[in-house]
Amino acid sequence: IPPIDRPTSLSIVEVNSSSVTLSWRSPANGVIPIGYRVDYAELASGFTFSIEKVLHAGGFQELQVYSVTGLSSGGRYRFSVAAQGGTGDYSELSDPVFTSILSPPSMLTVTGVSAYSVSLIWNAPNASAGLGVP
């Protein structure tokens, strides 16, 4: 049985206050994966986590999407993905992607009320959080 190739084109699709949605392409050749393992690390603490048995959809070079939940607001994370072959062996990890989890807005204040509207002001989340932050 030939070794399984690693997933490609890992990217971050969406970031919110407690989750990140990832997408990647299944391997281009070799063996069609039966699933994936999503590895991630919280950069400040160095803690690492793995989510196994992420199901594969389709054939070669198919777009795969998965959301990692339960993340800490304001945390910085690294993500990578490995494909799993039918023997249970995993490929090498994909190239990693990095992001920070968005903190919610703060200091929400009502500044005006009328019969048909409410005016609000707030402090924006940390500008360095979100997509593509190394």
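Failed condition for Thr87, given (1) surrounded by fewer than 14 Cβ atoms within 10 Å (Cβ to Cβ); (2) of a type in the set (Val, Ile, Thr); (3) touching a Leu at 6+ places or on another chain (Cβ under 7 Å), with all others met? Exception for Thr87: condition (3). Report whether or not Leu22 is touching a residue at least 12 places away in the same chain (Cβ under 8 Å) and over 13 Å from the mean Cα position of the chain (by Cα). In short, no. For the range 93-124, a tally of residues being under 19 Å from the mean Cα position of the chain (by Cα), open to solvent by 50 Å² or more (accessible area, probe 1.4 Å), modelled with pLDDT under 95 and not hydrophobic (A, V, I, L, M, F, W, C) returns 1.
Can you work out which of the residues in the range 40-65 that are in contact with a Leu (Cβ under 9 Å, 6 or more places away or on another chain) and part of a strand (DSSP E or B) is most open to solvent (accessible area, probe 1.4 Å)? Outline the logic, then answer.
Of the range 40-65, the ones in contact with a Leu (Cβ under 9 Å, 6 or more places away or on another chain) are 40, 42, 57, 64-65.
Cutting the leftovers down to part of a strand (DSSP E or B) gives us 40, 42, 64-65.
On the way: Tyr40: 31, Glu42: 33, Gln64: 8, Val65: 93 Å².
Ranking the candidates gives Val65 first.
Evaluating Ser72 against the criteria (1) modelled with pLDDT of 95 or more; (2) touching a strand residue (DSSP E or B) at 6+ places or on another chain (Cβ under 8 Å) leaves one unmet condition, (1). Of all the residues in the range 66-81, those that are open to solvent by less than 90 Å² (accessible area, probe 1.4 Å) and assigned to a loop (DSSP other than H, G, I, E, B) number 6.
The values are calculated or read from the model by the stated rules, or taken from the named source; none is laboratory data. The model shown is predicted, which means the values in this text are computed figures rather than measured ones. Note that each Cβ is placed from the backbone with ideal geometry, even for glycine, and that neighbours are counted across all protein chains shown. When the accessible area is computed, the model is the full protein with side chains, heavy atoms only, and any ligands, DNA or RNA have been set aside. Shrake-Rupley method; radii C 1.70, N 1.55, O 1.52, S 1.80 Å.
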